[in-house]
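Following: one structure in structure tokens, then a few remarks.
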Amino acid sequence: MAKIAIVKLFNGLNLAPAQLAGQLREAGHEVKVIYFKETVALPTDEIGDHLELDYPGTGFVANGKEYSVDLYKPICDSEMQLLIEELKDFNPDCIGYTVFSGLIKICGETSNRLREHFDCPFIWGGPGPTLEPHKCIEYSDILCINEGEQVMVELAACLDAGTDYSTIQGTWCKRGEEVVKNENRPLMKLDDLAQPDWAREGYVFVNGDSVERNYYPENNSKTYSIMTQRGCPFSCHFCIESKYQDMFGRKDSLRRKSIDMIMDELRWAVKNLHIKRVMFYDDVFTVHPRWLEDFLPRYRDEIGLPFWCYSYPTTHDRALLDKLKDAGCTAITMGVQSGSERVLKENFNRPTKSDRVIAAAEEIVGSGITGFYDLITRVDFETLDDLEETFEFLLKFPIEMNTFMLPNMTSYPTYKYSEDVIAAESAGTLNKPSEEDYDFYHHLYLLSRSTLPVEKIREIKDDPKYRETPSLMTEYFDHTPVINFTDYVPKRERQVG
């Protein structure tokens, strides 16, 4: 039996530690998961001594303020000592990190400090090592490239037996001064996965001067996060799924668990975590209507908890939404991303017509399910015409659809979108709106969510004082920002002019 410690920087949503813990424990190994530090979101003018991730998240919140998210306090010696003590108490044979691109710097910092106290191999896995292995191998002995469940079990077996682990398929591994770059591992069948292990006795949260044991990250809101599938049918250029399709092939990349397997997991969560609601974090939950025909009645009858999920404008209709609601769906988020058809087609690889997006939103509203939408702003390829088109789109978009924040585009390394940005910057072909333009249109975007008559909104847009001081529009904001998808949202209707 090997002892594997998994360190998760920050206590936000991440399903990987629980899945890896389940896989390792099923294979007979011992696991300890340590969440280290927390993040906060603050107005950009109130950041103070907080630090940002390598790729900071920012956006315009529905209360009319610019926010920075995923901010954290610098690592202090006392909390680092607590992390060291927790690991020493466990005495791991290996220390694993789950890493995305924005965490490479801080994960590297903590890894280097832990190496002063632990003479065991360090393995990094997740999007960061998969997309930027040359950068990550500097801090780690082993990198897991793409899916990690089988890699971790094989590594644990090697550690237990004291055998060489440098040739494990799906890894990069240091062997002396050499880096062994092993071939990719085929995508696994999801029914070969173990059940994620969220048993609280295996989890610890270290933050500041405190240690919380028997920790469950979603405990405060009594929600359970689950993915029934991996992969996505679409290839949006700003999304990691399109990059994975390029790297590992699109064929068979979209896989779904069996219904029996999902029901077993959810029944365990109901019994042991006393959850009150379920969050389906599939990239597009509504992608397989025939699968849902079988799944939804069983979910309703065997689980019966309210749930939230993602959809895409072309993957649902009113009939499917009615079935979702009957099964317990109380909220749904639909990706919009831009109101400019040019940006959707040319820069996002999402060639969806605005009329269909609006109709899809109206179907959500008509079903009685609370609707949310995602819309990305500060897109590198946007022009003033695109901002104007997005504003006009939002005037037609049902105000019953809600949003918490308009996030700024984050250009992650190696994505197709990011590569296109680099090429356009080199060619000098970008024609970005000014900060003043964005400030004006961001306020207009949120003004479109108010109950004001459209005629009044247009009057405000044409009034020079609002162009000069966009924040004056906030007096008309009569929508309450909703932080959690499962929160109650009051019904609202547009006033008649």
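The values are calculated or read from the model by the stated rules, or taken from the named source; none is laboratory data. Quick caveat: nothing in here was measured; it's all calculated off a predicted structure. Quick reminder, even Gly has a Cβ in these numbers, built from the backbone with ideal geometry, and neighbours come from all protein chains shown. For accessibility, only protein heavy atoms count, side chains too; no ligands or nucleic acids. Shrake-Rupley method; radii C 1.70, N 1.55, O 1.52, S 1.80 Å.
Before moving on, here are some points about what is shown:
- Those residues of region 473-493 which are of a type in the set (S, T, N, Q), closer than 17 Å to Leu406 by Cβ and either touching a Gly at 6+ places or on another chain (Cβ under 8 Å) or buried (at least 16 other Cβ atoms within 10 Å of the Cβ) (or both), in sequence order: Thr474
- All of Leu344, Leu324 fail the test of being within 29 Å of Leu273 (Cβ to Cβ) and either touching a Lys or Arg at 6+ places or on another chain (Cβ under 8 Å) or in a helix (DSSP H, G or I) (or both), apart from Leu324.
- For region 255-289, a residue qualifies if it is out of contact with any Ser or Thr (no Cβ under 9 Å at 6 or more places or on another chain), surrounded by fewer than 20 Cβ atoms within 10 Å (Cβ to Cβ) and closer than 30 Å to Tyr55 by Cβ, and exactly one does: Arg255.
- Criterion: part of a helix (DSSP H, G or I) and under 18 Å from Tyr67 (Cα atoms) - qualifying residue of Glu436, Glu425, Glu475, Glu388: Glu436
- Matching residues, region 398-410, being hydrophobic (A, V, I, L, M, F, W, C) and either in contact with a Leu (Cβ under 8 Å, 6 or more places away or on another chain) or farther than 11 Å from Arg494 by Cα (or both): Met401, Phe404, Met405, Leu406, Met409
- Extreme residue, most open to solvent (accessible area, probe 1.4 Å), among residues of region 115-141 that are in contact (Cβ under 8 Å) with a residue 60 or more places away in the chain and in contact with a Phe, Trp or Tyr (Cβ under 9 Å, 6 or more places away or on another chain): Pro127
- Among the residues of region 310-339, those that are hydrophobic (A, V, I, L, M, F, W, C), buried (at least 22 other Cβ atoms within 10 Å of the Cβ) and in contact with a helix residue (DSSP H, G or I) (Cβ under 7 Å, 6 or more places away or on another chain) comprise Leu321, Leu324, Ile332, Met334, Val336.
- Considering Thr410, Thr414, the condition of being at positive phi, touching a residue at least 12 places away in the same chain (Cβ under 8 Å) and part of a loop (DSSP other than H, G, I, E, B) is satisfied by Thr414 alone.
- All positions within region 349-385 that are in a strand (DSSP E or B), within 28 Å of Asp246 (Cα to Cα) and open to solvent by 20 Å² or more (accessible area, probe 1.4 Å): Asp374
- In the set Thr383, Thr403, only one residue is touching a Pro at 6+ places or on another chain (Cβ under 9 Å) and closer than 24 Å to Phe485 by Cβ; that residue is Thr403.
- Considering (1) open to solvent by 50 Å² or more (accessible area, probe 1.4 Å); (2) without any contact (Cβ under 8 Å) to a residue 24 or more places away in the chain, the lone condition that His50 does not fulfil carries the number (1).
- Residues of region 79-112 satisfying the condition of being open to solvent by 50 Å² or more (accessible area, probe 1.4 Å) and either under 17 Å from Leu51 (Cβ atoms) or part of a helix (DSSP H, G or I) (or both): Gln81, Glu85, Lys88, Asp89, Phe100, Lys105, Glu109, Asn112
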